[in-house]
Amino acid sequence: MDEILQEFLSETAETMEEISGEIVAWEADPADRERLDSIFRFVHTVKGSCGFLDLPRIGALSHAAEDALDAARNGRRDPTPALVTAVLAVIDRILSLTEEIASSGSEPKGDDHALIDAVHADESGADTVGEVIQPGTVIAAGAGSDQTIAAAQPAAQDWRTIRVPLNLLDSMMNGVSDMVLARNEVARVLRGDGNSGAVSGAFERLSASVAEMRNSVSQMRMQRIEKLFAPLPRLIRDVSNELNKRVDVEIDGGAVELDREMIESIRDPLTHIIRNAIDHGIEAPADRLAKGKPEAGKITLVACQSGNQIIIEVHDDGAGISTDRLVAKAVAAKIVTASEARALTATEKLNLIFSPGLTTAGEVTSISGRGVGMDIVRANIERIGGLVDIENNPGNGLTVTMRVPLTLTIISGLTVCAADHVFAIPRASVSEIILQMNDSVRIDRAGGADIAIVRGERLALVYLEDVLGLDRPDAESIDRAIIITRGAGGHRYALSVADVFDHEELVIKPAAPAIMATGIYAGSTLPDNGRPMLLLDVTGIAERQDIGSLGGQDDRAAEAVAHNDDCRDQALLFNDFDGAVRAIDLAVIDRVDEVPVAAIRRQGGRLRALVGDQMIAVHDCTIPADLTAIKLLRLNDGDAEVGYAMVDVVDVVRLPASIAAPAQPGLIRGVTLIGGEPVEVIDPYWIFCSLGASRPAERQPVCRLTDGGDHWTRQFLAPLIAGAGYRVVYDEDEDAPTADIVIAGDSDDQPDDMSADDQSILRLRKAERPSGKGDRSIYRYDKDAILGALDRMTRTG
Amino acid sequence: MIERLYLIAQLAGTRVALRSSDVDSVVIVRNVTPVPQTQPHLVGLFALRSRVMTLIDARVVVGADTAAHGADGDKAIVVKVGGHAYGIIADAVEDACFLDGEELPIRGKLSPGWRAIAEAMIEHAGETVLVVNPERLVNPPLAHAA
């Protein structure tokens, strides 16, 4: 094919993708002159090129669009939705024509009158209608095209580039991989031979340049994530128009770079998540107004890099997921039984969305809800070594977070061994490695299950040999290593292996489908010794061993106890930004980091700090402008981590037993006297709750606690209830709203205003076992049962 | 003409023909890594330069053996199925030749294992051999894999 034509086609296709986002932005804000100008320049350039390339159809189409846009530029026409749709249709037709030219080599015959008429449809005056399709006009315009082409490529020229076919790039990547392996083989031979210094010197140089080359080839494959995001505004506009919804879109982080193959793998899942958000998440405009939300929904797309991971977050402010409906669907679809469903925790219920064959849509629409759903999204993301998380906020929206490795090809891995087999584990999923002999580890066996107790934390223990069906030597006789890792739903568990060897960079490729189907392996890799190695899928192992519930049952209670033993009642005193000295429970602080102010940014509507390679949600605060660095308290509840920013640490003190409760539950848990000065004590639970962004207080069900003076009620129960989305009031509170539910201890007196068998009273007992047959009370550390009961009572009451 | 080119090899002690369009190459296997807990006909993984391939034991697929075996030095026929490369262990690779005869429908009662992987019969050097589809060797019907 003609070289000029080839150039025109690839350039047009590329600009086209960028431009569709611009058009939607322009529709949202017709006064945006810059956008209008760039769209105009694009069609003008296309029209100009058509003149000397002899492409009459594209020429007529671009000329019509140019006319209409020029009229809009001069204020002769208003950019109505009809005009924008017509211009988009023209641009789509131009794109499909260029694709046909690319495959067949010449412009196909056809009629574009309908589209051209549509562009001129609501134009007043007949002065331009006649000349649209006169070929003379089109060809004449070609004369001035040189200048416009130059003008249409703004700052892009400050970086000199050439086009390279992708398959050439891929074959180069494979070539370099082979070269690295050959180098390693030579290195082995040289080591064995006792060679001369001259050879090894030369080999060192060769080796270094091979490494350098491998590095630059990897970089060549990197692309800005913009490429993935650019077509999305158009997609969102089309889908929301079809559903008669209004959706605004906000995109942040387009400059993040990602491996080309990764971008391709994320495209479909991302599109699916966005379609879901518009179809199931965002409510119809009338419903939104009724709920007190702005008429137009909002979808926020954020990408950021965190260490060797890219985090892509899709947030919508729609209705969120109704877990009750989700569970009902799952039961109807026979994914879980009704009794299993009752035993699920809130997170497990939410995770049902990932079950195959499940959709939350009430009915199947043309957009989504055909039963091909989040399970495919998760499978696709996990196939490339990523993770999908859902943060549900019923009534207020949904956040889907995808974490994917920076490149498909290289991860940092740990090699472990079990019964003479060697495997790799992704370093990112290992949180700790301990030798089994270590004093802080105890191994118990209860009811056929192995349990590792590590510094007071009780973890399900899995022997890798058992998972793989291999012979396990007597566990006591040799020194094994325990790897603490995270399974499904974020539950930690312990994986026991015979030995841990090494830490290396591994090139991971997907293994054959039959091997991936076992659920034990995440891929294969070829280390330098030339013997293939399998990468273990720690999440899959946890699922296969079915230890989710065992590991997670009383994680929090166990950890709380473990912490309390060490540092009961100790508090950290610190200077807050408003000059006040405040205190916070030392037990919840993981560590304190110094963080530059530049690393704290407002993204997706909340503050986030970039610490090392982690993004941490930070409690909302105003950082004084004159500070360049702050101290970040990193708080951990055993599951999640959040940050609290402050000026600096003052001291660690013993917290007095008497803490005066505040007027309202909030960030301040109470006030106490330290060193003769009143100090506000921060409630870490409130920080976790508020970063979970619960429902506004006035729409939360009210839960009354009968014994507000009891330490346990205030410190343990109240935060749990508030965290689950209930508004907590105490008996002692004056002018508290009427309670939907009352929670009382098993020995407490019957509240005056309630009868003994009232359905809205929940009794908690201290003993683990019920006292007798009629005892309907719930063990007070059975968190899931308490929340489940509250949930049922709110709905029936 | 090229569609008449066949690779004649011995799989599981039986002479078979593979269509040359299905076959990538024939290699000697080194450094096999076993894969625990997977289907019985998968021997493990091996590497050819920088490519990792999955090794298949045809004896298990046809029911001549219950557990997969493979060792350094085995010959394997490399095939591509679904974008992944596999090696099928061959007792011997005899010839690559053009066969003039047509592929004929299967006559006679094959053992279930062979019925699962054979697609046709063809005449080679005065002898009837089965034409085997490597895709079915890689993903044998469930009843047999289990």
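The values are calculated or read from the model by the stated rules, or taken from the named source; none is laboratory data. What you are looking at is a predicted structure, and each value in this text was computed from that prediction instead of being measured. Here the Cβ is made from the backbone with ideal geometry for all residues, glycine too, and neighbour counts use every protein chain on show.
Here the range B:25-39 is the region considered, the condition is being under 26 Å from residue B:129 (Cα atoms) and either crowded, with 16+ Cβ neighbours inside 10 Å or among the hydrophobic types (A, V, I, L, M, F, W, C) (or both), and the residue that is nearest to the other protein chains (Cβ to nearest Cβ) is B:29. Scanning the range A:595-607 for residues that are in contact (Cβ under 8 Å) with a residue 40 or more places away in the chain and in contact with a Lys or Arg (Cβ under 9 Å, 6 or more places away or on another chain) returns A:595, A:600. Out of everything in the range A:192-230 that is among the hydroxyl-bearing types (Ser, Thr, Tyr) and surrounded by 13 or more Cβ atoms within 10 Å (Cβ to Cβ), what residue ends up being farthest from residue A:304 (Cα to Cα)? Once the filter is applied, the top-ranked residue is A:200. Restricting the range B:83-113 to residues that are surrounded by 12 or more Cβ atoms within 10 Å (Cβ to Cβ) and within 14 Å of chain A (Cβ to nearest Cβ) leaves a set whose member that is nearest to the chain's Cα centre (by Cα) is B:88. Checking every residue in the range A:455-463 against the condition of being among the small types (Gly, Ala, Ser), away from chain B (no Cβ under 14 Å), surrounded by 17 or more Cβ atoms within 10 Å (Cβ to Cβ) and at positive phi gives zero matches.
Inside the range B:73-113, residues that are closer than 23 Å to residue A:512 by Cβ and not in a strand (DSSP E or B) make up a count of 6. The listed residues are A:451, A:411, and the only one of them that is modelled with pLDDT of 80 or more, in a strand (DSSP E or B) and either under 30 Å from residue A:498 (Cβ atoms) or of a type in the set (Val, Ile, Thr) (or both) turns out to be A:451. For residue B:68, the requirement of being within 14 Å of chain A (Cβ to nearest Cβ), at pLDDT below 85 and under 16 Å from the mean Cα position of the chain (by Cα) is met.
Just checking, which of A:37, A:78 is surrounded by fewer than 18 Cβ atoms within 10 Å (Cβ to Cβ) and in a helix (DSSP H, G or I)? Being surrounded by fewer than 18 Cβ atoms within 10 Å (Cβ to Cβ) and in a helix (DSSP H, G or I) holds for just one of A:37, A:78, which is A:37.
Of A:88, A:83, A:61, all but one fail to be farther than 18 Å from residue A:15 by Cβ and buried (at least 18 other Cβ atoms within 10 Å of the Cβ); the exception is A:83.
Of a type in the set (A, V, I, L, M), assigned to a helix (DSSP H, G or I) and at pLDDT below 80, is that true of residue A:65? Please lay out each step first, then the result.
On the way: of a type in the set (A, V, I, L, M): yes; assigned to a helix (DSSP H, G or I): yes; at pLDDT below 80: no.
Answer is no for this residue.
If I filter the range B:114-139 down to residues being assigned to a loop (DSSP other than H, G, I, E, B) and either aliphatic (A, V, I, L, M) or touching a residue at least 60 places away in the same chain (Cβ under 8 Å) (or both), which single residue comes out as surrounded by the fewest Cβ atoms within 10 Å (Cβ to Cβ)? Among those that are assigned to a loop (DSSP other than H, G, I, E, B) and either aliphatic (A, V, I, L, M) or touching a residue at least 60 places away in the same chain (Cβ under 8 Å) (or both), it is B:125.
Counting only residues that are more than 9 Å from chain A (Cβ to nearest Cβ) and under 11 Å from residue B:138 (Cα atoms), which one in the range B:42-58 is surrounded by the most Cβ atoms within 10 Å (Cβ to Cβ)?
The initial filter retains those residues of the range B:42-58 that are more than 9 Å from chain A (Cβ to nearest Cβ), namely B:43, B:48, B:55-58.
Narrowing the set further to residues that are under 11 Å from residue B:138 (Cα atoms) leaves B:55-58.
On the way: B:55: 24, B:56: 31, B:57: 24, B:58: 28.
Out of the qualifying residues, it is B:56.
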